[in-house]
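None of the figures in this text is laboratory data; all of them are computed from the coordinates on show. Everything numeric in this text was worked out from a predicted model, so none of it was measured. Please note: Cβ atoms are built from the backbone with ideal geometry, for glycine as well, and neighbour counts cover all protein chains shown.
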Amino acid sequence: FISGLARACRALKMLGPINGGQFALALLILSSPLFTNGTKVGQLTGHDPTEWSQSALDDCLASSGSTNPDAGSVVCNLKIYESAIQAAAQEGIELMVFPEAYGLAGNNVSFFEPLADIGTNPCHDMAPNDDDWSEIGTLYIQQNTLSCAAEESGVAIAANIFTYVWDDYDFETQSATMHRYITEVVMDKTGTVVSYYHKHWLFPSETMVEPGPFAPTVFDMFGKKWGIVICWEGFRADIEDDWSQYDGLVEQGATSLVWSIGFGAPKFPAKLDTQKTAIAVAKKYGVAIVSSVDTKFHIKGDAGFVDASGGVISTSEAVLTGLPGEYTAKPAVHFADL
């Protein structure tokens, strides 16, 4: 609302001299939701994917039907994401932003999932048979669960997962190549995939995946364009003096950015400051930013929300309740109008 009010005031200055009654009426109209186009956005905060007991992880693995030991972490942490989406719905949040893929997989990354196509609804199109994940459904367990949660709650989500994509089968060599990525998947409030983006700029330790193509990606939602930035990509622009990704997002009309960050794994240098970076980017490009980080600890400068002028936005909080006792972190949903 505040950022919208500021835009309204700037617009009023352009109108020239007006009397008090005209000013009040114009200010009321220009600062209304129709003019400001504010979107209530939430981010998961205080979540640590490693804060599960071993017995809980074993139970989650058994319920997954997967032979991959890291599936236990994914299934357990999906419970936190589902709880966050339910809390978002209760607060009237329209878009939930989640951390980088480590927020689900934890530190031991070996669980990769085939990427659902844009336009598909994983809740229905990739559903398991009779809740038995041992067949095809287990392949899409993250996207299926998140899609169903989005549909049931009526909340759009920007989540990040480890994915794989196969090349087209080469009949001459009788082979195909699998490509593993860190991928932002965006679903609308019906659970339908509307966009995805493979992380291009990888942190040096992320050798288990390959960089996606350089393709700054923007998606349309709630009457505005949102750009996608994943973890290290947000920091490296200033550190390496390469702003090409941000340039590409803004050139496509992005006015807000979603930034999924993974501080839990790999560990990042303490000098990285999300707040400082977000403020600098907002001032440079005039874009608002919402970030989500996967750690129970307070990261220096983890503001979460920054408006288009570089101001830190005050947020409201919904503490997640009713979580399994075997999970010891204290996650919450922070939210604000963006």
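Applying a threshold of 26 Å to the alpha-carbon distances of 189/276; 199/276; 189/224; 40/79; 40/283; 189/283 flags 189/276; 189/283 as lying beyond it. Distance between the pseudo-spin-label points of residue 152 and residue 180 (7 Å out from Cα toward the beta carbon): 3.0 nm. Site pair residue 53 and residue 215 shows an inter-label distance of 4.4 nm when each label is modelled 7 Å from Cα along Cα→Cβ. Full extension of the chain between residue 171 and residue 68 gives 34.1 nm of extra length, using 0.36 nm per residue less the Cα-Cα distance. Once the chain from residue 110 to residue 276 is taken as fully extended at 0.36 nm per residue, the excess over their C-alpha distance is 56.5 nm.
For residue 225, a cut-off of 16 angstrom between C-alpha atoms picks up these aspartates and glutamates, skipping any fewer than 8 places away in its own chain: 94, 184, 188, 247, 251, 307, 337. Taking all C-alpha pairs of segment 43-84, those more than 16 Å from each other amount to 31 percent.
For segment 33-97 versus segment 189-249, the inter-centroid distance based on Cα atoms is 21 Å.
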